[in-house]
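For reference, the structure discussed in these notes is given below.
The values are calculated or read from the model by the stated rules, or taken from the named source; none is laboratory data. Quick caveat: nothing in here was measured; it's all calculated off a predicted structure. Backbone-built Cβ (ideal geometry, glycine too); neighbour counts: all protein chains shown. Keep in mind that these areas ignore ligands, DNA and RNA; they rest on the heavy atoms of the full protein, side chains included. Shrake-Rupley method; radii C 1.70, N 1.55, O 1.52, S 1.80 Å.
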Amino acid sequence: MDSKKEYLKWLEKSDEATKKELSAMTEDDIKENFFRDLEFGTGGLRGIMAAGINRMNIYTVRKATQGLAMEVLDSGDAKDKGVVVAYDSRNNSALFAKEAANVLCANGIKTYLFDSLRPTPELSFAVRYLGCARGIVITASHNPKEYNGYKVYGEDGGQIPPETADKIIKYISEVDVFDGVKLCDDAQPIIVGKEVDDAFIAAIKEQSYNISIPDDFKMIYTPIHGSGNIPVRRILEEIGVKNLFVVPEQEKPDGNFPSVVSPNPENAEAFTIAVKYAKEQGADLIIGTDPDSDRIGVVVKDSKGEYVVFTGNQTGALLCEYILRKAKEAGTLPEKATVVKTIVTTEMVKPICDAYGATLVDVLTGFKFIGEKIMEYELEGDKERYMLGFEESYGYLKGTYARDKDAVVAAMLITEMAADYKKSGKTLYDALMDLYKEYGFFRESLETKTLTGIEGMEMIKKIMKKFRENELPVPVERLIDYKDGVDGLPPSDVLKFFIKDGWFAVRPSGTEPKIKFYFGVKGTSVSDAEEKLSDIQNKIMNFAE
């Protein structure tokens, strides 16, 4: 790619505001923003918002949508089924959504557009509810404020499979970013809102265990400036939560996320303000959702009365045991009851599933692979077997009304679970300790190296090569290299190493300029597990330098 040539083309053909931004660029900026097209992966686009072919802006959004429109027009009756577009609270999300809707309308495709921001899982639900062929949501999930993204969903409500993505990518490559995009002066998409909201909430309530919430059960909720504020508050109020306090500093949508370093419930820092209010009010539970409300974090009191942030694995293990137990108690546990998790998610759920006679299925990282399992069970006429899908990165889904992780249903279930344990005189922390004693002291962690730009991409490749080709600082009992596909899973650039009392995995992020290192161990006690985890983590991260 000739960065300078592309830059000059943009300087000539873009709008005045973009030209002003381009004129202020340094040579390094030009190289970074124009050295390649922003990659449209199986999930869509994600990148820093700025001018250039390697950035998120109205032109790259239009180009991607034109490619999608061409794929839709080439897919039978997909044009008449239509495409539904949603967006979250990020800067430019509403603008990008309207630009996408404009291109779809200009191509003669039936287009639905939400009247305001919505959670990503509601978009997944809306595709199915409205009978659409495709869905688009403008979000960069929990990424820093500089980012935005563009995710495409298929008619099953799940993120598009690789073969569909390949078709869209082919069409996108044929589109000139300025002259190849169809636009119209008066786009009139069908505006949707309340009807879909009501149906979405009704579908979530079907997953409830109808736990009576004690009047003295107190909880704190933070939307972290995102799209979860309205639906999460609604579902909690509808299941009977009477003492719900919403963090005022983080209640309103704001794409600058002014109260946090990063709008990510995986980071304890995101709960600093919420914990302050929890201490003042003696709250039983704190929950927080990310900008597009598909991930959720949990904070509870430990045995010393201090508020601690659960990992996604800990919350997932609690939900897994709770859901299987409640189904067994009600006599509704299916014969083929199945829990689905990703390959880098805790192994603690294996003995839990075994105890309840449930099957545990591993899939690649990314909730779309869990969605594909749901579709597989549905095609087999046995979708009721699906009990829970979750991943270590704070994503959970019970029910098959959506095909992506849903922080709204998770908020409901976590609240009911905490309230249920409270009636037995226990906190969620007590419940977790009970699970450790019953099933083993499992502990997991994640380390991330951020390596940006062209040099960063090359460094990530070198690190993966180093782990594939060199002796590691710990004895490895077994290695699974997923690059060519394993156990029916599609190829993926992931390595998983099994060691005595644990495992670790290495994979480049598919959405950020990062390489991730996952660790999991099983100890004889909490302290033993912590020591084992620290030891393996230090050795592997030193090796990765």
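If you wrap the chain's Cα atoms in a convex hull and average its projection over all directions, what's the area in nm²?
Dividing the Cα hull surface by four gives the mean projection, 24.7 nm².
Would you rank Lys496, Lys350, Lys19 by solvent-accessible area, highest first, keeping every protein chain in place and using a 1.4 Å probe?
Lys350, Lys19, Lys496
I need the fraction of alpha carbon pairs in segment 323-381 separated by more than 13 Å, rounded to a whole percent.
63 percent
Sort Thr26, Thr18 by accessible area with a 1.4 Å probe, largest first.
Result of the area sort, largest leading: Thr26, Thr18.
May I ask which residue of Ile30, Met49, Ala106 lies farthest towards the positive end of the charge dipole of segment 1-141, with charges of +1 (Lys, Arg) and -1 (Asp, Glu) on Cβ and the Cα centre as origin?
Positive-most Cα among the choices belongs to Ala106.
How compact is segment 234-313 by the rule of thumb for globular proteins, expressed as Cα Rg over 2.2 N^0.38 Å?
In units of the globular-protein estimate, segment 234-313 measures up at 1.09.
Ignoring ligands, DNA and RNA, please state the percent of accessible area on the chain from carbon and sulfur, probe 1.4 Å.
Carbon-and-sulfur percentage of accessible area, whole number: 48.
Among 397-403, 77-83, how do they line up by average Cβ neighbours within 10 Å per residue, starting with the highest?
Highest-to-lowest ranking by the protection proxy: 397-403, 77-83.
Just order 240-252, 263-275 by mean Cβ neighbour count inside 10 Å, highest at the front, would you?
263-275, 240-252
Is there a pair in Lys496/Lys522; Lys98/Lys194; Lys373/Lys461 whose C-alpha atoms are over 27 Å apart, and which pairs would that be?
Long pairs (Cα-Cα over 27 Å): Lys373/Lys461.
Would you list Asp156, Asp185, Asp29 from the most to the least accessible area, probe 1.4 Å?
Descending order: Asp185, Asp29, Asp156.
Going by average Cβ neighbours within 10 Å, how do the peptides 529-535, 170-176, 320-326, 145-151 rank, with the highest at the top?
The peptides rank, most packed first, as 145-151, 320-326, 529-535, 170-176.
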